[in-house]
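The values are calculated or read from the model by the stated rules, or taken from the named source; none is laboratory data. Being a predicted model, the structure only gives us computed values, none of them experimental. Using ideal geometry, Cβ is built from the backbone for each residue, glycine included, and neighbour counts are taken over all protein chains shown. Just so you know, the surface numbers come from the protein's heavy atoms only, side chains and all, with ligands and any DNA or RNA stripped out. Shrake-Rupley method; radii C 1.70, N 1.55, O 1.52, S 1.80 Å.
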Amino acid sequence: MTATAPVTLKIGDTIGILGGGQLGRMLAMASARLGLRAQIFSPDPDSPAFDVVQASTCAEYADVEALELFAGDVDVITYEFENVPAAAAAVLAARRPVLPGRTVLETTQDRLIEKDFVTRLGIGTAAYADVTSAEQLRAAVARIGRPAVLKTRRFGYDGKGQAMIRDGDDLDRIWEELGTRAAILEAFVPFEREISVIAARSADGQVECFDVTENEHRDHILKISRAPAAIPDTLADEARRIAGAIASSLDYVGVLAVEMFVLVEAGGPKVLVNEIAPRVHNSGHWTLDGASISQFEQHIRAIAGWPLGKPVRHGPVTMTNLIGDEINDYSRWLTVRGATVHIYGKGVPRPGRKMGHVTEVGGPHSKGPA
Ligand code: AMP
(Lines give C-alpha, C1' and ligand atoms only; values in the text may rest on other atoms or scores of the structure.)
Protein backbone atom coordinates (compact mmCIF):
# COMPACT_ATOMS: atom_id res chain seq x y z
CA MET A 1 0.00 0.00 0.00
CA THR A 2 1.47 3.38 -0.93
CA ALA A 3 1.39 6.38 1.34
CA THR A 4 -1.30 8.16 -0.68
CA ALA A 5 -3.64 5.33 -1.69
CA PRO A 6 -7.07 5.38 -0.03
CA VAL A 7 -6.96 3.02 2.93
CA THR A 8 -9.25 0.01 3.29
CA LEU A 9 -7.86 -2.42 5.82
CA LYS A 10 -8.71 -6.10 5.90
CA ILE A 11 -9.34 -8.06 9.07
CA GLY A 12 -5.91 -8.98 10.45
CA ASP A 13 -4.16 -5.85 9.10
CA THR A 14 -2.04 -3.75 11.43
CA ILE A 15 -2.52 -0.22 12.69
CA GLY A 16 0.60 1.66 13.78
CA ILE A 17 0.02 3.97 16.74
CA LEU A 18 2.47 6.72 17.72
CA GLY A 19 2.42 7.18 21.47
CA GLY A 20 2.12 4.62 24.22
CA GLY A 21 -0.10 6.25 26.84
CA GLN A 22 -3.63 5.35 27.86
CA LEU A 23 -5.08 6.68 24.60
CA GLY A 24 -2.79 4.45 22.54
CA ARG A 25 -3.66 1.56 24.81
CA MET A 26 -7.41 2.05 24.39
CA LEU A 27 -7.01 2.50 20.61
CA ALA A 28 -5.10 -0.80 20.48
CA MET A 29 -7.82 -2.54 22.49
CA ALA A 30 -10.49 -1.17 20.12
CA SER A 31 -8.45 -2.43 17.14
CA ALA A 32 -8.36 -5.91 18.63
CA ARG A 33 -12.13 -5.92 19.05
CA LEU A 34 -12.47 -5.32 15.32
CA GLY A 35 -10.03 -8.08 14.41
CA LEU A 36 -7.19 -5.68 13.62
CA ARG A 37 -3.70 -5.73 15.09
CA ALA A 38 -1.93 -2.73 16.56
CA GLN A 39 1.75 -1.90 16.89
CA ILE A 40 2.82 0.89 19.25
CA PHE A 41 5.75 3.27 18.69
CA SER A 42 6.87 5.05 21.86
CA PRO A 43 10.18 6.23 23.33
CA ASP A 44 9.05 5.40 26.87
CA PRO A 45 9.93 1.82 27.91
CA ASP A 46 7.15 1.97 30.55
CA SER A 47 4.42 2.79 28.03
CA PRO A 48 1.11 1.32 29.26
CA ALA A 49 0.08 0.63 25.66
CA PHE A 50 2.92 -1.89 25.24
CA ASP A 51 1.05 -4.23 27.62
CA VAL A 52 -1.87 -4.79 25.23
CA VAL A 53 -0.10 -5.39 21.91
CA GLN A 54 2.07 -8.18 20.60
CA ALA A 55 4.52 -5.93 18.75
CA SER A 56 5.90 -2.56 19.74
CA THR A 57 8.81 -0.28 18.91
CA CYS A 58 10.58 1.51 21.75
CA ALA A 59 12.62 4.27 20.08
CA GLU A 60 12.92 8.05 19.85
CA TYR A 61 10.80 9.94 17.33
CA ALA A 62 14.06 11.20 15.80
CA ASP A 63 15.25 7.63 15.09
CA VAL A 64 14.67 7.48 11.33
CA GLU A 65 15.69 3.84 10.99
CA ALA A 66 13.26 2.77 13.72
CA LEU A 67 10.49 4.84 12.09
CA GLU A 68 11.16 3.21 8.71
CA LEU A 69 11.09 -0.30 10.17
CA PHE A 70 7.88 0.51 12.04
CA ALA A 71 6.25 1.84 8.87
CA GLY A 72 7.24 -1.38 7.11
CA ASP A 73 5.40 -3.44 9.75
CA VAL A 74 2.07 -1.63 9.61
CA ASP A 75 -0.67 -0.78 7.09
CA VAL A 76 -1.79 2.65 8.31
CA ILE A 77 -0.38 4.98 10.97
CA THR A 78 -2.19 7.15 13.50
CA TYR A 79 -1.26 8.91 16.74
CA GLU A 80 -2.52 9.48 20.26
CA PHE A 81 -0.97 12.95 20.75
CA GLU A 82 -0.83 16.06 18.61
CA ASN A 83 2.82 16.95 19.14
CA VAL A 84 4.15 14.35 16.73
CA PRO A 85 7.38 15.92 15.40
CA ALA A 86 6.91 17.08 11.79
CA ALA A 87 10.09 15.28 10.68
CA ALA A 88 8.87 11.94 12.07
CA ALA A 89 5.47 12.41 10.41
CA ALA A 90 7.22 13.12 7.09
CA VAL A 91 9.40 9.97 7.29
CA LEU A 92 6.32 7.87 8.02
CA ALA A 93 4.04 9.54 5.48
CA ALA A 94 6.52 8.75 2.71
CA ARG A 95 5.92 5.06 3.41
CA ARG A 96 2.42 4.61 4.75
CA PRO A 97 -0.76 6.67 5.06
CA VAL A 98 -0.64 8.77 8.24
CA LEU A 99 -4.14 9.67 9.44
CA PRO A 100 -5.15 12.31 10.32
CA GLY A 101 -2.83 13.96 7.79
CA ARG A 102 -0.01 16.48 7.94
CA THR A 103 -2.03 19.71 7.60
CA VAL A 104 -4.04 18.63 10.63
CA LEU A 105 -0.85 18.46 12.71
CA GLU A 106 0.41 21.78 11.34
CA THR A 107 -2.88 23.48 12.21
CA THR A 108 -3.39 22.04 15.67
CA GLN A 109 0.17 22.10 17.02
CA ASP A 110 0.14 25.88 17.14
CA ARG A 111 -2.55 27.82 19.01
CA LEU A 112 -2.22 30.87 16.76
CA ILE A 113 -2.52 28.92 13.49
CA GLU A 114 -5.44 26.99 15.01
CA LYS A 115 -7.30 30.13 16.12
CA ASP A 116 -6.72 31.79 12.72
CA PHE A 117 -8.09 28.66 11.03
CA VAL A 118 -11.22 28.57 13.22
CA THR A 119 -11.79 32.31 12.72
CA ARG A 120 -11.54 31.92 8.93
CA LEU A 121 -14.40 29.41 9.14
CA GLY A 122 -16.55 32.13 10.74
CA ILE A 123 -16.57 30.29 14.09
CA GLY A 124 -16.24 32.31 17.31
CA THR A 125 -13.24 32.14 19.66
CA ALA A 126 -12.07 34.33 22.53
CA ALA A 127 -10.50 37.56 21.24
CA TYR A 128 -6.78 36.84 20.75
CA ALA A 129 -3.51 38.38 19.69
CA ASP A 130 -0.10 37.15 18.55
CA VAL A 131 2.56 38.07 21.14
CA THR A 132 6.32 37.83 20.55
CA SER A 133 7.71 40.39 23.03
CA ALA A 134 6.94 42.15 26.33
CA GLU A 135 6.15 45.28 24.33
CA GLN A 136 3.61 43.41 22.18
CA LEU A 137 2.15 41.89 25.33
CA ARG A 138 1.52 45.38 26.74
CA ALA A 139 -0.17 46.44 23.49
CA ALA A 140 -2.24 43.24 23.37
CA VAL A 141 -3.41 43.64 26.98
CA ALA A 142 -4.36 47.25 26.25
CA ARG A 143 -6.50 46.05 23.31
CA ILE A 144 -8.01 42.86 24.77
CA GLY A 145 -8.30 43.97 28.40
CA ARG A 146 -7.98 42.10 31.69
CA PRO A 147 -8.40 39.39 32.81
CA ALA A 148 -6.65 37.64 29.96
CA VAL A 149 -4.78 34.38 29.49
CA LEU A 150 -1.27 34.26 28.04
CA LYS A 151 -0.43 30.89 26.47
CA THR A 152 2.58 29.46 24.68
CA ARG A 153 1.69 28.82 21.04
CA ARG A 154 3.06 25.27 21.18
CA PHE A 155 3.32 22.34 23.60
CA GLY A 156 0.79 23.51 26.18
CA TYR A 157 -1.49 20.99 27.92
CA ASP A 158 -3.50 20.70 31.15
CA GLY A 159 -2.92 24.41 31.84
CA LYS A 160 0.85 24.17 31.43
CA GLY A 161 2.45 27.02 29.49
CA GLN A 162 -0.33 29.40 30.59
CA ALA A 163 -0.53 32.46 32.81
CA MET A 164 -3.53 34.50 33.92
CA ILE A 165 -3.15 38.26 33.64
CA ARG A 166 -5.19 40.19 36.18
CA ASP A 167 -5.43 43.82 37.21
CA GLY A 168 -2.14 45.04 38.65
CA ASP A 169 -0.03 42.12 37.35
CA ASP A 170 3.49 42.93 36.20
CA LEU A 171 3.49 42.15 32.48
CA ASP A 172 7.29 42.15 32.12
CA ARG A 173 7.62 39.55 34.86
CA ILE A 174 4.81 37.36 33.40
CA TRP A 175 6.44 37.53 29.96
CA GLU A 176 9.83 36.63 31.41
CA GLU A 177 8.37 33.67 33.33
CA LEU A 178 6.51 32.23 30.32
CA GLY A 179 9.96 31.73 28.78
CA THR A 180 9.03 31.81 25.09
CA ARG A 181 8.96 34.25 22.19
CA ALA A 182 5.91 32.64 20.60
CA ALA A 183 2.74 33.22 22.58
CA ILE A 184 -0.90 34.12 22.19
CA LEU A 185 -2.96 36.36 24.45
CA GLU A 186 -6.61 35.43 24.84
CA ALA A 187 -9.41 37.36 26.47
CA PHE A 188 -10.57 35.48 29.56
CA VAL A 189 -13.98 33.99 28.74
CA PRO A 190 -16.42 34.18 31.71
CA PHE A 191 -17.90 30.87 30.63
CA GLU A 192 -21.00 29.30 32.13
CA ARG A 193 -19.69 25.82 31.40
CA GLU A 194 -17.14 23.96 29.30
CA ILE A 195 -18.27 21.43 26.72
CA SER A 196 -16.66 19.31 24.05
CA VAL A 197 -17.76 17.52 20.93
CA ILE A 198 -16.15 14.27 19.86
CA ALA A 199 -16.60 14.02 16.11
CA ALA A 200 -15.52 11.41 13.60
CA ARG A 201 -15.05 11.87 9.86
CA SER A 202 -14.41 9.19 7.27
CA ALA A 203 -12.28 9.60 4.14
CA ASP A 204 -15.44 9.85 2.04
CA GLY A 205 -16.73 12.75 4.13
CA GLN A 206 -19.25 11.07 6.47
CA VAL A 207 -19.34 12.90 9.83
CA GLU A 208 -20.72 11.40 13.04
CA CYS A 209 -20.72 13.33 16.32
CA PHE A 210 -21.25 11.92 19.78
CA ASP A 211 -23.64 13.73 22.10
CA VAL A 212 -22.15 16.92 23.53
CA THR A 213 -20.17 16.39 26.74
CA GLU A 214 -19.91 18.76 29.68
CA ASN A 215 -16.52 18.95 31.38
CA GLU A 216 -15.40 19.91 34.87
CA HIS A 217 -11.73 20.61 35.51
CA ARG A 218 -9.80 20.61 38.78
CA ASP A 219 -6.35 22.20 38.89
CA HIS A 220 -6.56 22.56 35.07
CA ILE A 221 -7.00 18.79 34.64
CA LEU A 222 -10.24 17.18 33.45
CA LYS A 223 -11.95 15.59 36.44
CA ILE A 224 -15.53 14.80 35.40
CA SER A 225 -17.33 14.57 32.06
CA ARG A 226 -21.08 14.23 31.74
CA ALA A 227 -23.10 13.37 28.68
CA PRO A 228 -25.36 14.82 27.56
CA ALA A 229 -24.34 18.36 28.46
CA ALA A 230 -27.09 20.31 30.22
CA ILE A 231 -27.55 22.80 27.39
CA PRO A 232 -30.48 23.61 25.08
CA ASP A 233 -30.84 21.33 22.04
CA THR A 234 -30.27 24.23 19.65
CA LEU A 235 -26.92 24.98 21.29
CA ALA A 236 -25.94 21.30 21.21
CA ASP A 237 -26.82 21.20 17.50
CA GLU A 238 -24.70 24.29 16.93
CA ALA A 239 -21.75 22.74 18.84
CA ARG A 240 -21.97 19.60 16.71
CA ARG A 241 -22.29 21.63 13.53
CA ILE A 242 -19.11 23.53 14.45
CA ALA A 243 -17.18 20.31 15.12
CA GLY A 244 -18.37 18.87 11.80
CA ALA A 245 -17.41 22.04 9.91
CA ILE A 246 -13.92 21.93 11.45
CA ALA A 247 -13.49 18.24 10.57
CA SER A 248 -14.67 18.75 6.99
CA SER A 249 -12.57 21.83 6.44
CA LEU A 250 -9.45 19.96 7.64
CA ASP A 251 -10.35 17.04 5.32
CA TYR A 252 -10.01 15.11 8.53
CA VAL A 253 -9.98 11.31 8.77
CA GLY A 254 -10.44 9.92 12.28
CA VAL A 255 -11.80 11.22 15.58
CA LEU A 256 -11.21 14.73 16.84
CA ALA A 257 -12.33 16.67 19.89
CA VAL A 258 -13.37 20.29 19.87
CA GLU A 259 -13.35 21.96 23.28
CA MET A 260 -15.72 24.89 23.63
CA PHE A 261 -16.90 27.46 26.15
CA VAL A 262 -20.60 28.19 26.65
CA LEU A 263 -21.01 31.90 27.17
CA VAL A 264 -24.33 33.38 28.25
CA GLU A 265 -24.97 36.82 26.81
CA ALA A 266 -27.99 39.13 26.63
CA GLY A 267 -28.99 37.56 23.31
CA GLY A 268 -28.80 34.02 24.79
CA PRO A 269 -26.11 31.37 25.13
CA LYS A 270 -23.45 30.87 22.48
CA VAL A 271 -20.38 28.70 22.03
CA LEU A 272 -16.78 29.76 21.46
CA VAL A 273 -14.12 27.28 20.36
CA ASN A 274 -11.22 26.94 22.80
CA GLU A 275 -9.12 24.16 21.32
CA ILE A 276 -9.06 21.33 18.76
CA ALA A 277 -7.47 18.01 19.74
CA PRO A 278 -6.73 15.93 16.62
CA ARG A 279 -7.16 12.63 18.41
CA VAL A 280 -9.35 10.68 20.77
CA HIS A 281 -9.87 12.71 23.92
CA ASN A 282 -10.32 12.23 27.64
CA SER A 283 -13.76 13.87 27.50
CA GLY A 284 -14.85 11.05 25.17
CA HIS A 285 -13.96 8.19 27.51
CA TRP A 286 -17.61 7.91 28.57
CA THR A 287 -18.32 6.41 25.14
CA LEU A 288 -16.48 3.22 26.13
CA ASP A 289 -19.39 2.10 28.30
CA GLY A 290 -22.03 4.75 27.62
CA ALA A 291 -22.57 4.34 23.90
CA SER A 292 -23.02 1.62 21.29
CA ILE A 293 -19.63 2.55 19.78
CA SER A 294 -16.69 4.11 21.58
CA GLN A 295 -14.62 7.02 20.31
CA PHE A 296 -11.70 4.56 20.05
CA GLU A 297 -13.59 2.16 17.80
CA GLN A 298 -14.91 5.07 15.75
CA HIS A 299 -11.35 6.33 15.19
CA ILE A 300 -10.13 2.87 14.17
CA ARG A 301 -13.05 2.46 11.76
CA ALA A 302 -12.33 5.85 10.17
CA ILE A 303 -8.62 5.26 9.61
CA ALA A 304 -9.27 1.67 8.47
CA GLY A 305 -11.58 2.99 5.74
CA TRP A 306 -14.51 1.13 7.31
CA PRO A 307 -18.01 2.62 7.71
CA LEU A 308 -18.38 4.82 10.76
CA GLY A 309 -20.77 3.72 13.45
CA LYS A 310 -23.86 5.73 14.26
CA PRO A 311 -23.40 5.97 18.01
CA VAL A 312 -26.38 5.65 20.35
CA ARG A 313 -25.93 6.73 23.96
CA HIS A 314 -27.23 4.29 26.57
CA GLY A 315 -28.47 6.96 29.00
CA PRO A 316 -27.01 9.74 31.09
CA VAL A 317 -23.30 8.98 31.57
CA THR A 318 -20.69 10.27 33.97
CA MET A 319 -16.94 9.73 33.59
CA THR A 320 -14.67 10.42 36.56
CA ASN A 321 -10.90 10.52 36.13
CA LEU A 322 -8.74 8.81 38.73
CA ILE A 323 -5.83 11.21 39.07
CA GLY A 324 -2.61 10.56 41.00
CA ASP A 325 -3.27 8.88 44.37
CA GLU A 326 -6.99 8.53 43.60
CA ILE A 327 -6.08 5.29 41.83
CA ASN A 328 -5.50 3.79 45.28
CA ASP A 329 -9.31 3.84 45.65
CA TYR A 330 -9.75 1.43 42.75
CA SER A 331 -10.92 -1.51 44.83
CA ARG A 332 -13.61 0.60 46.45
CA TRP A 333 -14.73 1.89 43.04
CA LEU A 334 -15.01 -1.74 41.93
CA THR A 335 -17.86 -2.19 44.42
CA VAL A 336 -19.89 0.86 43.35
CA ARG A 337 -23.16 -0.21 41.77
CA GLY A 338 -23.23 0.50 38.02
CA ALA A 339 -19.62 1.68 37.84
CA THR A 340 -17.15 0.42 35.22
CA VAL A 341 -13.51 0.83 36.22
CA HIS A 342 -10.70 1.38 33.73
CA ILE A 343 -7.13 1.18 35.03
CA TYR A 344 -4.34 2.25 32.69
CA GLY A 345 -1.57 0.10 34.19
CA LYS A 346 0.80 3.02 34.78
CA GLY A 347 3.55 2.75 37.36
CA VAL A 348 3.90 5.55 39.90
CA PRO A 349 0.78 7.64 40.66
CA ARG A 350 2.44 11.07 40.48
CA PRO A 351 0.26 14.12 41.30
CA GLY A 352 -1.73 15.15 38.22
CA ARG A 353 -1.06 11.87 36.40
CA LYS A 354 -4.14 10.27 34.84
CA MET A 355 -4.12 6.72 36.20
CA GLY A 356 -7.57 5.46 35.26
CA HIS A 357 -11.22 6.43 35.02
CA VAL A 358 -14.66 5.25 36.00
CA THR A 359 -17.84 5.43 33.94
CA GLU A 360 -21.33 5.31 35.38
CA VAL A 361 -24.28 4.85 33.05
CA GLY A 362 -27.95 5.41 33.68
CA GLY A 363 -28.28 6.85 37.14
CA PRO A 364 -27.16 9.98 38.87
CA HIS A 365 -23.44 10.22 39.54
CA SER A 366 -22.63 8.12 42.61
CA LYS A 367 -20.26 10.62 44.31
CA GLY A 368 -17.67 7.87 44.27
CA PRO A 369 -16.84 5.11 46.68
CA ALA A 370 -18.06 5.49 50.25
P1 AMP B 1 -6.40 24.94 27.23
O2 AMP B 1 -5.06 24.37 27.49
O3 AMP B 1 -6.40 26.07 26.25
O4 AMP B 1 -7.44 23.90 26.90
O5 AMP B 1 -6.89 25.57 28.62
C6 AMP B 1 -7.08 24.77 29.77
C7 AMP B 1 -8.23 25.31 30.61
O8 AMP B 1 -7.96 26.65 31.03
C9 AMP B 1 -9.56 25.40 29.86
O10 AMP B 1 -10.25 24.16 29.87
C11 AMP B 1 -10.27 26.48 30.65
O12 AMP B 1 -10.81 25.97 31.86
C13 AMP B 1 -9.16 27.44 30.99
N14 AMP B 1 -9.02 28.46 29.93
C15 AMP B 1 -8.19 28.41 28.87
N16 AMP B 1 -8.33 29.49 28.08
C17 AMP B 1 -9.29 30.26 28.65
C18 AMP B 1 -9.89 31.51 28.33
N19 AMP B 1 -9.52 32.22 27.24
N20 AMP B 1 -10.86 31.97 29.16
C21 AMP B 1 -11.23 31.28 30.26
N22 AMP B 1 -10.68 30.11 30.64
C23 AMP B 1 -9.73 29.60 29.85
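Structure values in brief
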{"item": "Estimated distance in nm for a label pair at MET164 and ASP73, the labels positioned 7 Å out from Cα along Cα-to-Cβ", "result": "4.6"}
{"item": "Theoretical FRET efficiency, 1/(1+(r/R0)^6), r = Cβ-Cβ of ALA94 and ASP325, R0 45 Å, to 0.05", "result": "0.50"}
{"item": "Two-decimal Rg to Rh for the chain - Kirkwood Rh, Cα set", "result": "0.96"}
{"item": "Gain upon complete extension [PHE81, GLU106; 0.36 nm per residue less C-alpha separation]", "result": "7.7 nm"}
{"item": "Gain upon complete extension [ARG350, GLN206; 0.36 nm per residue less C-alpha separation]", "result": "47.8 nm"}
{"item": "Lysine pairs within the chain, Cα separation less than 25 Å, 8 or more sequence positions apart or different chains", "result": "18"}
{"item": "For the chain: relative contact order, % (alpha-carbon pairs under 8 angstrom, 6 or more apart)", "result": "15"}
{"item": "Accessible surface, per residue, of the chain when the full set of protein chains is kept, probe 1.4 Å, Å²", "result": "44"}
{"item": "Span per principal axis, largest first, for the Cα atoms of the stretch 61-215 (Å)", "result": "57, 38, 26"}
